[in-house]
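Notes to accompany the following structure.
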Amino acid sequence: MAGDDKKQPIVIKKIIKGGGGHHGGSWKVAYADFVTAMMAFFLLLWLLGITDEMQREGISDWFNNPSGIKGPGGASTSMIKLGGTKDIPKGDGYKSEQHALTTEPEVEKSQEEKVKEVEKKEDKKRLDKLLEKLKAAIENSKELKNFKDQLLLEITPDGLRVQIIDKKNRPMFALGKADLKPYTKVILRKIAKIIVQEVPNLVSITGHTDATPFPKGYIEYEDRYGNDYRKPYTNWELSADRANTARRELLKGGLPSDQLGRIVGLSSSVLLDKKNPRSAKNRRISILIMNKDAEESMGRVEGTVEEKAITAAPAPVEDG
């Protein structure tokens, strides 16, 4: 047959199967993202551990303003030194901000100094007023007027000083003893009342003697069993005992015990009349109403005062 003689073309299809081909690189991208996130997380933990609250606020501000530009001239607010070159110029805004930061402690210090200056001025006014009150009391009080020439008042660098001095025929203490004369008690109590009314300042009391050595250098006393004893005793002990006796009389006059700052006996180490070391003027009691500077130099802790008193020794029988 003619139709059968024509052969049909034979088509052969070959299917090529691939096994275990390449899966692509998407997993690497995911892994890199994970590692980056972990690094950022641990970096955050590290920053939280080494910075304080103020620095963390600075870091937060930097991320809120990553360009680092703020204010006139492009001043950076970053609190972290990133290194490298400074591409952004720092103008007047940056200088003003830095000046404000550096001068803040100086402003606080100057304010404290101003407060202290005001306090010192007020303190001086009070002491000046106290001086006038004492002068008026000496002029107007019958008890004090008779002793006008034995009361010395003066403002010193440490405060207001009141000195009660001996007079040849009118001593303030019994001869060679720490016992006050009756009129000396009146004077001390009057002074105490005026001090309490005018100022809260600390008071220092100092006892002085002249340069005459205390006879024998000891005192004799008898104990409760009738035994006789000798105790070393000099003008140092005598001046301290007299200062302590004056302290007790000021307390009786109304001076609070916590207003007493110091009780001292100086013997003849600070003479009033240096030309005449044995002059009666050198035997005196000095009462210093201290100003703020003197209180601070004495080491006073605000709100607490330690009274430094020397216990009185048995009364001597001879003058020093």
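The numbers here are math on the coordinates, done by the rules we state, and not lab data. Computed from a predicted structure; not experimentally measured. We place every Cβ from the backbone using ideal geometry, glycine too, and count neighbours over all the protein chains shown.
Residue by residue through the range 274-291, which ³J(HN,Hα) values in whole Hz follow from phi under the Karplus form 6.51 cos²θ - 1.76 cosθ + 1.60 (θ = phi - 60°), with glycine and proline marked x?
Whole-Hz 3J(HN,Hα) from phi for the range 274-291: 6, 6, 10, x, 9, 5, 4, 4, 6, 8, 7, 10, 10, 10, 10, 8, 6, 7.
Please report the net charge: other residues with Cβ closer than 9 Å to the Cβ of F147, K and R +1, D and E -1.
+2
According to the Cα gyration tensor, what semi-axes, each the square root of 5 times an eigenvalue, does the equivalent ellipsoid of the range 142-297 have, listed from largest to smallest in whole Å?
Taking √(5λ) for each eigenvalue gives 27, 18, 16 Å, largest first.
Any chance you could check the Cα centroid distance between the range 172-249 and the range 263-287 for me, in angstrom?
13
Please compare each pair in K129/K177; K135/K177; K116/K167 to a cut-off of 32 Å on the Cα-Cα distance and tell me which ones are over it.
Table pairs above 32 Å Cα-Cα are K129/K177; K116/K167.
On a 21 Å Cα-Cα criterion, which of the cross-link pairs K125/K185; K121/K292; K120/K252; K125/K193; K142/K185 come out too long?
From K125/K185; K121/K292; K120/K252; K125/K193; K142/K185, over 21 Å: K125/K185; K120/K252.
Mind checking the full-extension length gain between Y229 and R170? Use 0.36 nm per residue of separation minus the Cα-Cα distance, one decimal, nm.
18.0 nm
Taking amide H positions as placed in the peptide plane 1.01 Å from N, state which residues far from Y218 in sequence (5 or more) or on other chains have amide H under 5 Å from it.
Y233
What does the charge count near S239 come to, summing +1 for each Lys or Arg and -1 for each Asp or Glu among other residues with Cβ under 11 Å from its Cβ?
0
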